[in-house]
Amino acid sequence: MADVTPRNQNSELVRRGYAAFNAGDVDTLTQMIDESCTWHSPGKSSFAGDYKGHAPIFGHFGRLGSETQGTFKSNLLQVTESDDGSAVAVHRDTGERNGKRLDVLCCIVFDIKNGKVMDGREYIYDLYAWDTFWA
């Protein structure tokens, strides 16, 4: 593993966050995501909207898993960070639900301050496929 320096610490935080998300490790996510964090999910499905604070955000994450019987995964492909405290993660979301399969590329723009995620904004490359899967 690479050394964590001020230059890549946000990338490492994002990598740990994806690992914790896929493992259902809420304790680690609670430490990484600020209580005042906002999370934005696009689209027209019941998952779309803005979430603020731990309980709403983790409820949103939990639904992704529960409505897919645990098959939902976000497989991290790349993380890039900027000097302003933001990081962009590109990942592939997969899962199965009601006989449908999800396989879409996504990215999340993270705003990170003092080692905590303050804001997460999801972008789905095929929003129609995303919305259809959750319909």
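The values are calculated or read from the model by the stated rules, or taken from the named source; none is laboratory data. No experiment lies behind these values; they were computed from the predicted model shown. Cβ sites come from the backbone with ideal geometry, for glycine too, and all protein chains shown count toward neighbours.
Some notes on this structure:
- The residue of segment 17-50 that is surrounded by the most Cβ atoms within 10 Å (Cβ to Cβ), among those that are modelled with pLDDT of 95 or more and in contact with a Ser or Thr (Cβ under 7 Å, 6 or more places away or on another chain), is PHE21.
- Test: GLY115 is in contact with a His (Cβ under 9 Å, 6 or more places away or on another chain) and closer than 20 Å to ASP34 by Cα: no
- Selection from segment 102-128 of residues that are free of Cβ contacts under 8 Å to residues at least 40 places away in the same chain and within 16 Å of SER45 (Cβ to Cβ): LEU102, VAL104, CYS106, TYR125, ASP126, TYR128
- Any hit, segment 87-105, residues being surrounded by fewer than 18 Cβ atoms within 10 Å (Cβ to Cβ), in contact with a helix residue (DSSP H, G or I) (Cβ under 7 Å, 6 or more places away or on another chain) and not hydrophobic (A, V, I, L, M, F, W, C): yes
- Among the residues of segment 116-124, some residue qualifies, meaning at least one is of a type in the set (Phe, Trp, Tyr), part of a strand (DSSP E or B) and more than 13 Å from LEU13 (Cα to Cα).
- All strands (runs of 3 or more DSSP E) inside segment 26-109 with 1 or more residues being among the aliphatic types (A, V, I, L, M) and over 23 Å from THR132 (Cβ atoms): 33-41, 73-81, 86-97
- Number of positions in segment 58-84 that are aromatic (Phe, Trp, Tyr) and either under 18 Å from ASP27 (Cα atoms) or surrounded by fewer than 16 Cβ atoms within 10 Å (Cβ to Cβ) (or both): 2
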